[in-house]
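Heads up: the structure comes next, in structure tokens.
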Amino acid sequence: MFKRLGNLIKGFFGLFVGGLEKKNPEALLEVEKENLRKQISEFNKGLANHAGLVERLITQAKKLGREEEELRAKTAANLKAGNRAAAAEYALKLKSSEKEHDEVKDQLEESEKRYQELLRARDVSVKEAKVKIEQLSRDIDDMKIQKATAELNEMAAGMVTEIGGAGDTLNRLEGIVEEERTKAAGRARVAKDALDMGDVNEKAAEQDALAELALAEFAAAEGIELEKSGSADAATPSTESSESSGSMGPVKE
């Protein structure tokens, strides 16, 4: 019973985590990048330990090589000097050293081969992981673009549907505006026709006369001589013209 309940809880938790992963692929990718960095670090530690073993074998092989040269020289020197027992002892040591040297060389060769294989495996794995991460990054960017494009297309389709469905409303609104505009124009014409222009003109003339009278009073008070109006000026030339015509008569006689 508890096992089934535990499986159910794990299932719900898995669905919840899966939903979060779908909503946040960038976060999941960053986690995988961090995991890759940790794995590379751990792998490099093991690779460094193996490289240390190779270096120790190299040092040991060089030491055994120098020891072989010394034993070979001592064996030859004692043999030439007639010291057979000493020469035999050095020859036995030389044989043991050569055997150990061969074993170390084999171990060194195998360790170096293993190191190169591990190094190549690391480089290949890291390169493959980087390529996959870059591809996933591009895929995520493309997914965002495709998602945004789909949303824009859906919005555009919805707008077209809504605009098309609003045709009746727009037609009704146009009729209402036209009706109100016609009513307003009719009221303006009626108001214009009802205006008495005779009264307006009479009031305007009255205002002009009052203005002229006020101006004359001001001029008289200030001792200013006003210029003759246009009608007086017009009358003066006609008088002079009549006088001229009268004087011209006797000249003709």
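I'd like the residue in the range 89-133 that is surrounded by 13 or more Cβ atoms within 10 Å (Cβ to Cβ) and among the small types (G, A, S) and, out of all such residues, is farthest from the chain's Cα centre (by Cα).
Only one residue tops the list, namely A91.
Residues are listed down the side, and each one gets a yes or a no for (1) farther than 30 Å from L36 by Cβ; (2) touching an Asp or Glu at 6+ places or on another chain (Cβ under 7 Å); (3) among the basic types (K, R):
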| position | (1), (2), (3) |
| --- | --- |
| R56 | yes, no, yes |
| G65 | yes, no, no |
| A77 | yes, no, no |
| N83 | yes, no, no |
| A91 | yes, no, no |
| K95 | yes, no, yes |
| R114 | no, no, yes |
| D139 | no, no, no |
| E154 | yes, no, no |
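Table: residues versus (1) within 14 Å of S125 (Cβ to Cβ); (2) surrounded by 11 or more Cβ atoms within 10 Å (Cβ to Cβ); (3) without any contact (Cβ under 8 Å) to a residue 60 or more places away in the chain.
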| position | (1), (2), (3) |
| --- | --- |
| E26 | no, yes, no |
| N35 | yes, yes, yes |
| N49 | no, no, yes |
| R56 | no, yes, yes |
| K63 | no, yes, yes |
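Where a number appears in this text, it was derived from the coordinates with a stated rule and is not lab data. Everything quoted here is computed from the prediction, not taken from an experiment. Cβ coordinates were reconstructed from backbone atoms using ideal geometry, including for glycine residues, and neighbour counts include every protein chain displayed.
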